[in-house]
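Q: Below you'll find the structure I mean.
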Amino acid sequence: MTDKFISIEGIAKRYDGARSTTIFENLWLGMARGEFVCVIGHSGCGKTTVLNILAGLDAPSEGAVIVDGQAIEGPSLDRAVIFQSHALLPWRTVLGNVAYAVSSKWRRWDRAKVKAHALKYIELVGLAGSEHKRPSELSGGMKQRVGIARALSITPKIMLMDEPFSALDALTRGTLQDEVRRICVETGQTVFMITHDVDEAIYLADKIVLMTNGPGAVLAEIVENPLPKDRLRGDLHRHPLYYSLRNHIIDFLVSRSKTFTAETPDHDPRKVPVVKIGRTEPTIVASKAADSDAPQAVAR
Amino acid sequence: MTASLRLRAAVVSIVLLAVFLGAWHIATRSTGTAANMSPEYAKLMGMTATQGKSAMPGPLDIGAKLWEHLRRPFYDNGPNDKGLGIQLAYSLGRVMLGYLIAVAIAIPLGFLIGMSPLMSKALDPFIQILKPISPLAWMPLALYTIKDSSLSAIFVIFICSVWPMLINTAFGVASVRKEWINVARTLEVGNIRRAFTVILPAAAPTILTGMRISIGIAWLVIVAAEMLVGGTGIGYFVWNEWNNLSITNVIIAILLIGVVGMVLDQMLARVSRLVTFPE
């Protein structure tokens, strides 16, 4: 917790109008290097806005985000985004799309070097042989693979994923989750991912951040994933803590996400409770302070 | 299946053409000797009076005359008698010049309007008022200020072809998908590179559509403009032959105007296919 690679510090997003709406405010979250964090919440709670602020595509109305000691002031090649709709340029081939990113990062590289580098990442996501196809000739899963290759090819410090697999069928989604997990574990990538899918979050994330419903959404809890780092998809549901973790998240999504703000008036957004899933009852083991370790608390 | 459909369509086209030509031929043919008259008088009156032939030329007359024109397209016997090739070249030259000036102005300006909501709103009233003005209404003003009939025709072509390109470019640029722009932004692509690598390819199909509409309008307008300014060009040729009462030449000119218009349109359609991308 001392190594705070990414630190979201009191950001807010408001839309001014006849009635100004606050999507969220006073949002604090820290992430360590190499951590895989998933954010779960209902539609409209501002998850995508948080991601866009992290990407630098959107500016917070208040507060700041510090990444690796520097405040975000706009989009950066250090932070790659994988878009929900893959966002490939349809007039470019697979290779052209990845090479566009590569040549944007290393502007002095010659064509051959750009191509070799791009091909390496196309191969990494298992698309070798399809590099001359256009996006329209690819299936949804393949398109998203290209999106992943494009994001990885610029060797970013952080990957930001906005429901990257939500438009895919279940089988493809599973395969791609495996790939992403393998690549992220191998490269120690820091990932911030938004999802609707509880199982996806359990499989991929080190920490799962639960967000209440908007407007006025808050980060309710940070759930630590008790499953081992070398978890396998097939063994997931056999882990003794799997179901209590899953139930905890689903309980939150089904009921507590609506009532959390009313039921927890003393919720301190700077000290989002960290929940450790135990064999019996999930317990809050620590109030995660924005700056230091907080005293242990066992309460619910 | 598609090949047979094409074949059947071609057959139907040919049949329709044959029916049309046949009906035309029958409607305009001679009906035999109409009256007895002295040979000198008959020679003076022509076949219309002597053999009941219609004043409207038949397809065979047109064919013969067309062959004559096609054999010598570039002859020049002074201001009122030039080959059709020369006349078409004059018209095409004016259209190309006016059109290229319009491209050079409409596409950059359209980019500006498409990228900047402020400019879009600020220029909108001007465009809305100038767009529906018939290009020929500009002609007196052009003649007065430019003081050159040929340049005025070019100006008229420019003013009529600028609007569809301007509006389509602005629309195409403004409606580039946000996510493509975001891709470029997250890759820290600079403004100029973004304009050429993302916005231009994304908007190219819409821009080309505007260019295609414009060339069509320009070719429509050149005929009318040349009838007004006179001197050279296919439009002048039509009016001149009307004054000569040569309906044959008028019909030939109409046919050629259609053919050239089609070729211009197909050329841009071909370019348009090159920049279109499937999604």
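The values are calculated or read from the model by the stated rules, or taken from the named source; none is laboratory data. Worth saying up front: this structure is predicted, and the values here are computed from it rather than measured. All Cβ positions, even for glycine, are placed from backbone atoms using ideal geometry, and neighbour counts span all protein chains on display. What goes into the accessible areas is simple: the full protein's heavy atoms, side chains included, and nothing from ligands, DNA or RNA. Shrake-Rupley method; radii C 1.70, N 1.55, O 1.52, S 1.80 Å.
A quick yes/no check of all residues on (1) touching a Pro at 6+ places or on another chain (Cβ under 9 Å); (2) outside any loop (DSSP other than H, G, I, E, B):
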{"position": "A:G10", "(1), (2)": "yes, yes"}
{"position": "A:I23", "(1), (2)": "yes, yes"}
{"position": "A:W28", "(1), (2)": "yes, yes"}
{"position": "A:H42", "(1), (2)": "no, no"}
{"position": "A:L54", "(1), (2)": "no, yes"}
{"position": "A:S76", "(1), (2)": "yes, no"}
{"position": "A:V102", "(1), (2)": "no, yes"}
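Q: Being within 30 Å of the chain's Cα centre (by Cα) and not hydrophobic (A, V, I, L, M, F, W, C) narrows it down to one residue among B:R212, B:R193, B:R185, B:R177; which is it?
A: Working: B:R193 fails: within 30 Å of the chain's Cα centre (by Cα); B:R185 fails: within 30 Å of the chain's Cα centre (by Cα); B:R177 fails: within 30 Å of the chain's Cα centre (by Cα).
Selected residue: B:R212, the only one of B:R212, B:R193, B:R185, B:R177 that is within 30 Å of the chain's Cα centre (by Cα) and not hydrophobic (A, V, I, L, M, F, W, C).
Q: Of B:T209, B:T186, which residue is in contact with a strand residue (DSSP E or B) (Cβ under 7 Å, 6 or more places away or on another chain) and either more than 26 Å from B:Q266 (Cα to Cα) or of a type outside the set (A, V, I, L, M, F, W, C) (or both)?
A: Details: B:T209 fails: in contact with a strand residue (DSSP E or B) (Cβ under 7 Å, 6 or more places away or on another chain).
None of the others qualify; the one that does is B:T186.
Q: Those residues that are closer than 27 Å to A:L54 by Cβ, more than 9 Å from chain B (Cβ to nearest Cβ) and charged (D, E, K, R), I need them from segment A:80-114; list them, please.
A: Matches in segment A:80-114: A:R107 only.
Q: Related question: What are the residues in segment B:93-114 that are surrounded by fewer than 18 Cβ atoms within 10 Å (Cβ to Cβ) and of a type in the set (A, V, I, L, M), if any?
A: Here is the first cut: in segment B:93-114, the residues surrounded by fewer than 18 Cβ atoms within 10 Å (Cβ to Cβ) are B:93, B:96-97, B:100-101, B:104-105, B:108, B:112.
Selection gives B:M96, B:L97, B:L100, B:I101, B:A104, B:I105, B:L112.
Q: Let me ask something else. Taking only pairs six or more apart or across chains, which ones have beta-carbon atoms under 6 Å, a first residue in segment A:105-116 that is open to solvent by less than 70 Å² (accessible area, probe 1.4 Å), and a second residue that is part of a loop (DSSP other than H, G, I, E, B)?
A: A:K105/A:L77; A:K105/A:I154
Q: A follow-up question, please. Filter segment A:129-142 down to residues that are more than 11 Å from chain B (Cβ to nearest Cβ) and either among the acidic types (D, E) or touching a helix residue (DSSP H, G or I) at 6+ places or on another chain (Cβ under 6 Å) (or both), then give me how many there are.
A: Within segment A:129-142, the subset more than 11 Å from chain B (Cβ to nearest Cβ) is A:129-133, A:138-142.
If we keep only those that are either among the acidic types (D, E) or touching a helix residue (DSSP H, G or I) at 6+ places or on another chain (Cβ under 6 Å) (or both) too, we end up with A:130-131, A:133, A:141.
Selection size over segment A:129-142: 4.
Q: Can you work out which of the residues in segment B:175-193 that are under 15 Å from A:A99 (Cα atoms) and among the charged types (D, E, K, R) is farthest from the other protein chains (Cβ to nearest Cβ)?
A: Among them, the one singled out is B:R193.
Q: On to the next question. Which residues, counting only those in segment A:124-170, are free of Cβ contacts under 8 Å to residues at least 60 places away in the same chain, within 20 Å of A:G188 (Cβ to Cβ) and assigned to a loop (DSSP other than H, G, I, E, B)?
A: Matches in segment A:124-170: A:V125, A:T155.
Q: Hey, A:Y121 hits all of (1) aromatic (F, W, Y); (2) facing chain B (nearest Cβ under 7 Å); (3) assigned to a helix (DSSP H, G or I) but one; which does it fall short on?
A: Of (1) aromatic (F, W, Y); (2) facing chain B (nearest Cβ under 7 Å); (3) assigned to a helix (DSSP H, G or I), only one is false for A:Y121: (2).
Q: Checking B:A253 against (1) away from chain A (no Cβ under 14 Å); (2) assigned to a helix (DSSP H, G or I); (3) open to solvent by 20 Å² or more (accessible area, probe 1.4 Å): exactly one of these is not met. Which one?
A: Checking B:A253 against (1) away from chain A (no Cβ under 14 Å); (2) assigned to a helix (DSSP H, G or I); (3) open to solvent by 20 Å² or more (accessible area, probe 1.4 Å), the one that fails is (3).
Q: Considering only residues that are more than 14 Å from every other protein chain (Cβ to nearest Cβ), touching a Gly at 6+ places or on another chain (Cβ under 9 Å) and among the β-branched types (V, I, T), which ones fall in segment A:39-79?
A: Hit for segment A:39-79 is A:V65, nothing else.
Q: Go through segment A:21-62 and count every residue that is at positive phi and open to solvent by 50 Å² or more (accessible area, probe 1.4 Å).
A: Selection size over segment A:21-62: 2.
Q: Return yes when B:A218 is within 14 Å of another protein chain (Cβ to nearest Cβ) and either open to solvent by less than 20 Å² (accessible area, probe 1.4 Å) or touching a strand residue (DSSP E or B) at 6+ places or on another chain (Cβ under 6 Å) (or both) and no when it is not.
A: Details: within 14 Å of another protein chain (Cβ to nearest Cβ): no; either open to solvent by less than 20 Å² (accessible area, probe 1.4 Å) or touching a strand residue (DSSP E or B) at 6+ places or on another chain (Cβ under 6 Å) (or both): yes.
Answer is no for this residue.
Here is a yes/no grid of residues against (1) open to solvent by 10 Å² or more (accessible area, probe 1.4 Å); (2) within 30 Å of A:T155 (Cβ to Cβ):
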{"position": "B:L151", "(1), (2)": "yes, no"}
{"position": "B:I154", "(1), (2)": "yes, no"}
{"position": "B:S161", "(1), (2)": "no, no"}
{"position": "B:F171", "(1), (2)": "yes, no"}
{"position": "B:R177", "(1), (2)": "yes, yes"}
{"position": "B:N182", "(1), (2)": "yes, yes"}
{"position": "B:G190", "(1), (2)": "yes, yes"}
{"position": "B:R194", "(1), (2)": "yes, yes"}
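Q: Hey, another quick one. With at pLDDT 95 or above, away from every other protein chain (no Cβ under 14 Å), over 20 Å from B:H69 (Cα atoms) and open to solvent by 50 Å² or more (accessible area, probe 1.4 Å) as the only criterion, which of B:M211, B:M267, B:M227 stands out?
A: On the way: B:M211 fails: open to solvent by 50 Å² or more (accessible area, probe 1.4 Å); B:M227 fails: at pLDDT 95 or above.
Only one candidate passes the filter, namely B:M267.
Q: If you check B:P201, B:P205, B:P164, which single one turns out to be closer than 30 Å to B:S91 by Cα and within 13 Å of another protein chain (Cβ to nearest Cβ)? Talk me through it step by step, then tell me what you get.
A: Numbers: B:P201 fails: closer than 30 Å to B:S91 by Cα; B:P164 fails: within 13 Å of another protein chain (Cβ to nearest Cβ).
On inspection, the qualifying residue turns out to be B:P205.
Q: Go through the residues of segment A:57-74 one by one and say whether even a single one is in contact (Cβ under 8 Å) with a residue 24 or more places away in the chain, among the charged types (D, E, K, R) and farther than 21 Å from B:R177 by Cβ. Talk me through it step by step, then tell me what you get.
A: Taking segment A:57-74 as the starting set, the residues that turn out to be in contact (Cβ under 8 Å) with a residue 24 or more places away in the chain are A:57-58, A:60-68.
Subset that is among the charged types (D, E, K, R): A:58, A:62, A:68.
Checking which are farther than 21 Å from B:R177 by Cβ leaves us with A:62, A:68.
Yes, the conditions are met somewhere in segment A:57-74.
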